[in-house]
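Enquirer: Sending over a structure as structure tokens; questions will come in a sec.
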Amino acid sequence: MTEITRRDAIKLGAAAALTAGASGLAGGPAAQAQTAFALKPEAGASLKVLRWKRFVQGDEDVWTANTKKYSDATGVAVRVDSENWEDVRPKAAVAANVGSGPDIIITTNDDAQKFPNKLLDVSDLADYLGGKYGGWYDVCNRYSKRDGKWIGIPMGCAGNALVYRKSHVQKAGFEEIPKDLAGYLKLCQNLKKNGTPAGFALGHATGDGNCWTHWCLWSHGGKMVNEKNQVVLNSPETIEALEYAKQLYATYIDGTLSWLDPSNNKAFLTGEISLTANGISVYYAAKTSTDPAMKALADDIYHSNFPVGPSGVPTEQNLFFNMIIFKYSKYPNAAKDYLRFMMEKEQYFPWQTASIGYTAHPLAAYSENPFWTQDPKSLPYRDAVKVMRDNGYSGTLGAASAQCMADFLIVDMFAKACTGNVSIKDAAMQAHEQAKRIYKA
């Protein structure tokens, strides 16, 4: 359970007031008209919340302070517990199956689509927040709605961008990350020659492994399913993506097959790699460190969005966060009101600012948070929710797409192809057949 002192809460609250007061909102008068959510917590309500463990300290600190503010204002006791990303998914599934557990769980990607009938309809809250804050980005409708009803409230996503040492990229012959696939491969090859290699997770890393492999697949025009949910993974485009990835893998540091989400953070901060795909947590750790060497490293850290492939449009897959309330909760009004409070500008802006954008916003008006322009290094993460694709692209999200993600089907396909454990054609065919079995079931 997260704890915070009263003094810390007061200090964070003061910072929150300053940040909120300096912020404007988009959406026009119509969007601003809906300013009340007339749903009061039940008498004697208390809530249990399960979320993922923080990767940046500011996230946890201000989330805890905001929770305390809510409890102080309403009398609703809220307990927040944290687990690793990989552990939240099975605990959410167990809660759905047995009908007991936390009132609220902050899930990843389309986990909620596995058990939509076990979740509270939160359409009233979603309509209120969307109406007040400029509307939800398109991908939110896909992840958080089912049969026209909102089954979750989008928290945002952990934007995944390229994190690199600018001095090492310059030494490799480039001023910035190339915008095309050929140039990007050449950069990685030059970094390897210089002894400052890249490193990208190919283990079961919920965020980092899924993000870069889906980008690579989609950037070449490949995809799991078509618009009719027919599996089309074994395609010439997928083969091209795997061939390209195998060339990239040859430039990576050894050991990436076993990497989980924290692995590349450590490798980057200890100087083992110069380029990876990650949230803004690497930069946050260096920037907020009291170690002079880390401060110097922060000055050399830059971010870039992934190169664009033949499609000509961004093909990013980011780790989406969906806040769900189970129907078994004894206090559904309190649960919805707590999520409303945490998503209001007065709480969301300071929380996002304190974590320097680790969670990119799902509401359009929140792009006006002033911190995005205070440090230009944060900008590649600002539109992460706006431009991202959902992991079921281009079919319909549901139990099948969620199961493919839970099984790391795409990551494993790339891992097999990159290492040569099986041929590229066999890797694509095996993944295709596995996906067919899942979608058929």
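Enquirer: Charged (D, E, K, R) and either part of a helix (DSSP H, G or I) or without any contact (Cβ under 8 Å) to a residue 40 or more places away in the chain (or both): which single residue out of Glu243, Glu227 fits that description? Reasoning before the result, please.
Expert: Values: Glu227 fails: either part of a helix (DSSP H, G or I) or without any contact (Cβ under 8 Å) to a residue 40 or more places away in the chain (or both).
Answer to the selection: Glu243.
Enquirer: Only residues that are over 21 Å from Gly207 (Cβ atoms), touching a helix residue (DSSP H, G or I) at 6+ places or on another chain (Cβ under 9 Å) and either without any contact (Cβ under 8 Å) to a residue 60 or more places away in the chain or surrounded by fewer than 20 Cβ atoms within 10 Å (Cβ to Cβ) (or both): list them for the range 399-434, please.
Expert: Listed by number, the residues that qualify are Ala399, Thr419, Gly420, Asn421, Val422, Ser423, Lys425, Asp426, Gln430, His432, Gln434.
Enquirer: Every residue in the range 171-199 that is in contact with a strand residue (DSSP E or B) (Cβ under 7 Å, 6 or more places away or on another chain) and part of a helix (DSSP H, G or I), please.
Expert: Cys188, Leu191
Enquirer: Any idea which residue in the range 129-171 is farthest from Lys345 (Cα to Cα), counting only those that are buried (at least 20 other Cβ atoms within 10 Å of the Cβ) and among the hydroxyl-bearing types (Ser, Thr, Tyr)?
Expert: Restricting to residues being buried (at least 20 other Cβ atoms within 10 Å of the Cβ) and among the hydroxyl-bearing types (Ser, Thr, Tyr), the top hit is Tyr164.
Enquirer: Could you please give the count of residues in the range 202-236 that are of a type outside the set (S, T, N, Q) and surrounded by fewer than 20 Cβ atoms within 10 Å (Cβ to Cβ)?
Expert: Of the range 202-236, the ones of a type outside the set (S, T, N, Q) are 202-205, 207-209, 211-212, 214-218, 220-225, 227-228, 231-233, 236.
Remaining after also requiring surrounded by fewer than 20 Cβ atoms within 10 Å (Cβ to Cβ): 203-204, 221, 227-228, 232, 236.
The number of residues fulfilling the criteria is 7.
Enquirer: Of everything in the range 392-406, what is outside any loop (DSSP other than H, G, I, E, B), at pLDDT 95 or above and more than 18 Å from Gly209 (Cβ to Cβ)? Give them in sequence order.
Expert: Ala400
Enquirer: If you go through the range 118-126 one residue at a time, do you hit one that is under 30 Å from Ser394 (Cα atoms), among the hydroxyl-bearing types (Ser, Thr, Tyr) and modelled with pLDDT of 95 or more?
Expert: As a first pass, look at the range 118-126 and keep what is under 30 Å from Ser394 (Cα atoms): 118-126.
Next, only the ones that are among the hydroxyl-bearing types (Ser, Thr, Tyr) stay: 123.
Among the residues that remain, those that are also modelled with pLDDT of 95 or more are: 123.
Yes; the residues of the range 118-126 include at least one that is under 30 Å from Ser394 (Cα atoms), among the hydroxyl-bearing types (Ser, Thr, Tyr) and modelled with pLDDT of 95 or more.
Enquirer: Looking at (1) part of a helix (DSSP H, G or I); (2) in contact with a strand residue (DSSP E or B) (Cβ under 9 Å, 6 or more places away or on another chain); (3) charged (D, E, K, R), which is the only condition Glu86 fails?
Expert: Looking at each condition in turn, Glu86 falls short on (2).
Enquirer: In addition: Taking the condition surrounded by fewer than 20 Cβ atoms within 10 Å (Cβ to Cβ), without any contact (Cβ under 8 Å) to a residue 24 or more places away in the chain and more than 24 Å from the chain's Cα centre (by Cα), does Lys193 pass? Break it down into steps so the answer makes sense when it comes.
Expert: On the way: surrounded by fewer than 20 Cβ atoms within 10 Å (Cβ to Cβ): yes; without any contact (Cβ under 8 Å) to a residue 24 or more places away in the chain: yes; more than 24 Å from the chain's Cα centre (by Cα): yes.
In short, yes.
Enquirer: So, one more: If you check Arg389, Arg437, which single one turns out to be surrounded by fewer than 24 Cβ atoms within 10 Å (Cβ to Cβ), part of a helix (DSSP H, G or I) and of a type in the set (D, E, K, R)? I'd like the intermediate steps shown before the answer.
Expert: Values: Arg389 fails: part of a helix (DSSP H, G or I).
Exactly one residue qualifies, and that residue is Arg437.
Enquirer: State all residues of the range 288-316 that are under 21 Å from the mean Cα position of the chain (by Cα) and either of a type in the set (S, T, N, Q) or open to solvent by 70 Å² or more (accessible area, probe 1.4 Å) (or both); if no residue qualifies, say none. Spell out how you get there, then give the answer.
Expert: Just the residues of the range 288-316 that are under 21 Å from the mean Cα position of the chain (by Cα), to begin with: 301-308, 313-316.
Tyr302, Ser304, Asn305, Thr315, listed by residue number.
Enquirer: Further question: Would you call Thr396 crowded, with 21+ Cβ neighbours inside 10 Å, closer than 20 Å to Phe320 by Cα and among the β-branched types (Val, Ile, Thr)? Steps first, please.
Expert: On the way: crowded, with 21+ Cβ neighbours inside 10 Å: no; closer than 20 Å to Phe320 by Cα: yes; among the β-branched types (Val, Ile, Thr): yes.
No.
Enquirer: Considering only residues that are among the hydroxyl-bearing types (Ser, Thr, Tyr) and part of a helix (DSSP H, G or I), which ones fall in the range 407-423?
Expert: Initially, the range 407-423 is screened for residues among the hydroxyl-bearing types (Ser, Thr, Tyr), giving 419, 423.
Listed by number, the list holds a single entry, Thr419.
Enquirer: Further question: State all residues of the range 237-257 that are touching a Phe, Trp or Tyr at 6+ places or on another chain (Cβ under 9 Å) and open to solvent by less than 30 Å² (accessible area, probe 1.4 Å); if no residue qualifies, say none.
Expert: Across the range 237-257, the qualifying residues are Ala241, Leu242, Ala245, Leu248, Tyr252, Thr256.
The values are calculated or read from the model by the stated rules, or taken from the named source; none is laboratory data. Everything numeric in this text was worked out from a predicted model, so none of it was measured. Cβ coordinates were reconstructed from backbone atoms using ideal geometry, including for glycine residues, and neighbour counts include every protein chain displayed. For the accessible areas, the whole protein counts, side chains as well, though only heavy atoms, and no ligand, DNA or RNA atoms are used. Shrake-Rupley method; radii C 1.70, N 1.55, O 1.52, S 1.80 Å.
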